[in-house]
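In what follows, a structure is listed as structure tokens, so that the remarks can point back to it.
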Amino acid sequence: MKVLFATGNNHKVLEVNDIGGEFGVVFKQVECPYPELRSDSISVVAEEGVKFVYAKIGKPVVVEDSGLFIQALDDFPGTYSAFVFSKIGNYGILKLMDDTSNRTAEFRSCIAFYDGKTLKSFVGSVKGDITEKPAGENGFGYDPLFIPNGCGKTFAEDQETKKKVSHRSKAVKKFINWYSSKKS
Ligand code: IMP
């Protein structure tokens with residue numbers, strides 16, 4: 001099964017295909033930039049995005065919106081994660097957390113599908129802690145800062161664990177489950 005995936009982020013493409021491969025689903029990257037709505041909800045951003053992309057390409061397609069929600073920062077950077085990362089990066093986030101012992105955070109992902117008739121979205125999340133300093137070389141974005149609960153290593157240090165427990169892998173599995181039943 002092939003699914004079009006509109007994103008400019010190659011890391012996301014690799015990750016969803018890593019999961020998709022286990023279920024015989026291939027996500028084919030489509031370059032179709034879309035405006036990201038200003039909303040605190042990843043679902044709203046993903047659903048508006050996928051409708052925009054569908055209107056452009058006229059084919060069933062998915063988009064994914066994700067972000068890091070840090071409790072002590074009132075869920076910042078949240079849906080603004082990509083922008084914030086490009087401006088202040090991991091060290092900027094750590095600086096904002098200089099004075100706080102509450103390191104609790106959550107990654108969230110929403111995969112939204114639209115085919116002109118059916119609009120569906122699937123959310124996945126993973127809770128964890130923000131490190132005191134970045135660790136690990138793999139992955140992307142905030143991976144070096146995030147230690148999932150029950151694991152001693154950041155996502156950037158342990159990509160196998162990321163594959164099992166990440167927000168994105170959970171959202172993708174939910175999507176694949178629904179999409180396969182729709183197709184059969
Ligand atoms: P967007 O979904 O394109 O708006 O971008 C979400 C941003 O959140 C990414 O550019 C990263 O900065 C961050 N992010 C989302 N998921 C992950 C992840 O799995 N690891 C690290 N950073 C992530």
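Is the shape of the chain best called rounded, prolate or oblate, per the rule: a/c under 1.5 gives rounded, else a/b larger than b/c gives prolate, else oblate, with a ≥ b ≥ c the square roots of the Cα gyration tensor eigenvalues? Prolate, because a/c is 1.5 or more and a/b exceeds b/c.
Under a model in which nothing but the beta-carbon of Lys, Arg (+1) and Asp, Glu (-1) is charged, the stretch 115-174 shows a dipole of about 500 debye around its Cα centre.
What number comes out for accessible area per residue over the stretch 1-51 if the probe is 1.4 Å? Units Å², please.
Ligands and nucleic acids excluded, the result is 54 Å² per residue.
With each label point set 7 Å from Cα along the Cα-Cβ vector, what nm distance links Glu160 and Tyr80? Going from the Glu160 label point to the Tyr80 one covers 3.9 nm. Gain on full extension, evaluated as 0.36 nm per residue between His11 and Lys59 minus their Cα-Cα distance, stands at 15.0 nm. For the stretch 114-184 versus the stretch 11-64, the inter-centroid distance based on Cα atoms is 15 Å.
Pairs over the 18 Å Cα-Cα cut-off, from the set Lys51/Lys127; Lys87/Lys153; Lys12/Lys51; Lys127/Lys163; Lys12/Lys56; Lys127/Lys164: Lys51/Lys127; Lys87/Lys153; Lys12/Lys51; Lys12/Lys56.
Applying a DSSP loop filter and a limit of 14 other Cβ atoms within 10 Å to the GluC sites (Glu not before Pro) in the stretch 1-96 leaves Glu31. The trypsin sites (Lys or Arg not before Pro) of the stretch 116-184 that meet both conditions, a loop assignment by DSSP and at most 12 other Cβ atoms within 10 Å of the site Cβ, are Lys117.
What is the sum of charges around Glu47, taking Lys and Arg as +1, Asp and Glu as -1, for the other residues whose C-beta is under 10 Å from the C-beta of Glu47? For residues surrounding Glu47, the net value is 0. Under the combined filter of DSSP loop state and at most 14 neighbouring Cβ atoms within 10 Å, the stretch 119-177 retains these GluC sites (Glu not before Pro): Glu132, Glu137. Each of Ala135, Ser39, Pro77 was scored by the projection of its Cα onto the charge dipole of the chain, and the greatest displacement toward the positive side belongs to Ser39; charges sit on the C-beta of Lys, Arg, Asp and Glu.
State whether the stretch 116-184 is rounded, prolate or oblate according to the following rule on the C-alpha gyration tensor (a ≥ b ≥ c being the square roots of its eigenvalues): a/c under 1.5 gives rounded; otherwise a/b larger than b/c gives prolate, and the remaining case gives oblate. The shape class here is prolate.
The values are calculated or read from the model by the stated rules, or taken from the named source; none is laboratory data. Computed from a predicted structure; not experimentally measured. All Cβ positions, even for glycine, are placed from backbone atoms using ideal geometry, and neighbour counts span all protein chains on display. Heavy atoms of the whole protein, side chains included, go into the accessibility calculation; ligands, DNA and RNA do not. Shrake-Rupley method; radii C 1.70, N 1.55, O 1.52, S 1.80 Å.
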